[in-house]
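Only one structure is covered here, and it is reproduced in the block below.
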Amino acid sequence: MSPNISAPDRNASSVVLTGRLPTSSISLSTRGILCSLPDPTTHPDPDVPTHRARVEGLLTEAADEHEALLAVLTPELQASLPVDAQGITRAIDHLAAAAGLTEDERRALIRPHAVNPAVMHARVFGRAPLARETVIGSFVDGARVRADALVGLADAVGGGALGAEIRALLADHPPPVTAEGADVVRVLRATYAAQERAVVAIAAALDSPCHTR
């Protein structure tokens, strides 16, 4: 697979409007994977999608679904859904399967989601309206859970080099400290965008000719 060359100027407006960083900004040369690019004559079947292509497709598909959902919601409900993790979650599951994790191991990656604030609220109060802080708190907790899952996947797929890269990427864009504050949504969007970059980086490592399961 050829290295991807980013076009930051062209994509800047998209980042500002959506909070999602373009996956095209990720370069294989930044990954610390010391392998030569594959010989085109021995490249896998071009009709079979790479892991990177599959992950990018999952992210795009989820983003389209989120936009379609927002289009039919009231402004109040739209404001309660500033980010969406479906694409990242689907990508994590795909990567975990591709990396050879067992079904139990894959399930363990998402099990902590079951105890986020929104779920606890539903158990206690049923269908009572959620406070904004509770909703944002669920997104924040979800981001923390996925960060742990992404680091574990990176270690499994690319060893210490890829693990260190993913840790650094996520550390540069941590979740908000609290669910309150005027800046919380902007920070949360930056966190989710960094996690999208992380799943694409792990997928690219799986596609690397030097990756072995």
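Here are the numbers for the structure shown:
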read-out: Residue list for the range 170-186, filter: modelled with pLDDT of 95 or more, assigned to a helix (DSSP H, G or I) and not charged (D, E, K, R); value: Leu170, Ala171
read-out: Sole residue being within 26 Å of Arg167 (Cα to Cα), modelled with pLDDT of 90 or more and either surrounded by fewer than 13 Cβ atoms within 10 Å (Cβ to Cβ) or of a type outside the set (Gly, Ala, Ser) (or both), chosen from Asp104, Asp148, Asp84, Asp141; value: Asp148
read-out: Extreme residue, modelled with the highest pLDDT, among residues of the range 107-138 that are part of a helix (DSSP H, G or I) and basic (Lys, Arg); value: Arg107
read-out: Some residue of the range 87-100 being at pLDDT below 85 and either under 14 Å from Gln195 (Cβ atoms) or not small (Gly, Ala, Ser) (or both); value: no
read-out: Inter-residue pairs, beta-carbon under 9 Å, first free of Cβ contacts under 8 Å to residues at least 12 places away in the same chain and in the range 72-98, second surrounded by 16 or more Cβ atoms within 10 Å (Cβ to Cβ) and of a type in the set (Lys, Arg), 6+ apart; value: Ala97/Arg106
read-out: Per-region count, the range 161-195, residues among the acidic types (Asp, Glu) and either buried (at least 16 other Cβ atoms within 10 Å of the Cβ) or in contact with a strand residue (DSSP E or B) (Cβ under 9 Å, 6 or more places away or on another chain) (or both); value: 1
read-out: Only one of Arg167, Arg197 that is touching a residue at least 60 places away in the same chain (Cβ under 8 Å), part of a helix (DSSP H, G or I) and under 16 Å from Ala149 (Cβ atoms); value: Arg197
read-out: Residue match in the range 51-66 (condition: surrounded by fewer than 12 Cβ atoms within 10 Å (Cβ to Cβ) and at pLDDT below 80); value: no
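The values are calculated or read from the model by the stated rules, or taken from the named source; none is laboratory data. Keep in mind it's a predicted model, so treat the numbers as computed, not measured. Cβ sites come from the backbone with ideal geometry, for glycine too, and all protein chains shown count toward neighbours.
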